[in-house]
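Enquirer: Pasting a structure below so you can have a look.
Read the figures in this text as sums done on the coordinates, not as results from a lab. Fair warning: this is a prediction, and the values are worked out from it, not measured in the lab. Cβ atoms come from the backbone with ideal geometry, glycine included; neighbour counts cover every protein chain shown.
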Amino acid sequence: MRQLKSFISSVLVASPVMPIIIERIEKRFSVVKLYDEVDQNRFLQENASHIRAAVIGYNQPFFNEASFEKLPKLEIISSFGVGYDHVDAKAAHKHGVIVTNTPDVLTDEVADLALGLLIATLRRIPQADTYLRNGSWLQKGAFPLSDTLQGKTMGIVGFGRIGKAIAKRAKAFGIKLVYHGRTQQSGVKLRYYANLVEMAQAVDILMVITPGGSATHHLINAQVLEALGQNGTLINVARGSVVDERALVSALTSGRLGAAGLDVFEAEPYVPKELAALPNVVLLPHIASASHHTRNLMGKLVADNIISWLSGKGPKTPVAETPYVKQA
């Protein structure tokens, strides 16, 4: 069993991450690649006292109370992605651990993808591409007419940074906008719906960009989908857990919901065969922020949060549950 030397600072990396993260951190600190260890539990037991920081990705195992107890010297968790529902941030705060994420740098990329997915879903762009490629245009004639963005009202579920960026883009297409969130936001001129079902009844499109986690688990349920209706369209670029996938399949299959565009799934990378077989859905493999440009910025921010903290300068992007108060 390999044992760490008494490094001043060791950074734990639970599973493989972008090379840019490792490269930036290991220039100044010791990097511990847990995924290279055969007996990971034993390794942590023997070396926990050296680990002050951890790097995790959005698809990492849940970081919970037990994790903090195993790492008593842990001071900061730098998470890759804007969502951090895989970290018990309240438990982190209890143990004095700062949690950081990567907001802002992916806002425009995700918003662009959200609008692209919406257009692809309504205009059935992937289906039209397949229609041409398999020879149907030649054999059967023109592709069937599609739905349109024109005259549509879209309800945005979650009106944070990305929700606002999506709204800005949608407005340029002439889409009428309303929103739903935990509370009404001051200074926002759009109509606010405190009741999600009521908003679903009033709109043509439901754009989901709310955080994941227990508070939003199955927020989009059978009742919401029923309210959205047979001419409604659901777009989810948030977390798969926010949508009741079984209820969604049932609504789409029965015709109680018109269409859906999904970038995320409840048990990804597993996607229900029933969803994949439907002609009225567009499915993407969680690629909302997946460009070289944006992922590199995200990786850099993950590393820079660690470097800034261990250098005594504080975190760059702490999450709300673990605010940083600079010591006098």
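Enquirer: Under 17 Å Cα-Cα from Lys152, which lysines qualify once same-chain neighbours fewer than 8 residues away are excluded?
Expert: Result set, ordered by chain and number: Lys168, Lys171, Lys176.
Enquirer: Once Rh is set to the Kirkwood radius over Cα pairs, what Stokes-Einstein translational diffusion coefficient, in µm²/s, holds for segment 107-283 at a temperature of 20 °C and a viscosity of 1.002 mPa s?
Expert: Answer, rounded: 130 µm²/s.
Enquirer: Could you pull out every one of the aspartates and glutamates with an alpha carbon less than 19 Å from that of Lys140, ignoring same-chain neighbours closer than 8 positions?
Expert: Partners found: Asp129.
Enquirer: Can you tell me which of 300-309, 134-143 comes out highest on packing, and rank the rest after it, using the mean Cβ neighbours within 10 Å?
Expert: Descending packing order for the listed peptides: 300-309, 134-143.
Enquirer: To continue, here is another question. Hey, how many Å between the Cα centroid of segment 240-314 and the Cα centroid of segment 60-85?
Expert: After rounding, the separation between the Cα centres reads 21 Å.
Enquirer: Can you pull the one-decimal nm distance between simple spin-label points at Ser291 and His218, each 7 Å off the Cα toward Cβ?
Expert: 3.7 nm
Enquirer: Among Ser311, Ser241, Ser214, Ser250, which comes first, second and so on when ranked by fewest other beta-carbon atoms within 10 Å?
Expert: Fewest-to-most Cβ neighbours within 10 Å comes out as Ser214, Ser311, Ser250, Ser241.
Enquirer: In nm, what is the difference between 0.36 nm times the number of residues separating Asn41 and Leu283 and their Cα-Cα distance?
Expert: 83.4 nm
Enquirer: Going by the alpha-carbon gyration tensor, a ≥ b ≥ c the square roots of its eigenvalues, is segment 9-90 rounded (a/c under 1.5) or, if a/c is not under 1.5, prolate (a/b greater than b/c) versus oblate?
Expert: Rounded, because the longest to shortest axis ratio a/c is under 1.5.
Enquirer: So how do Lys27, Lys326 line up by other beta-carbon neighbours within 10 Å, fewest first?
Expert: Placing the least packed residue first, the sequence is Lys326, Lys27.
Enquirer: Further question on the same structure: For the chain, give the magnitude of the charge dipole about the Cα centre (Cβ charges: +1 Lys/Arg, -1 Asp/Glu; no others), in debye to the nearest 20.
Expert: Roughly 860 debye for the chain.
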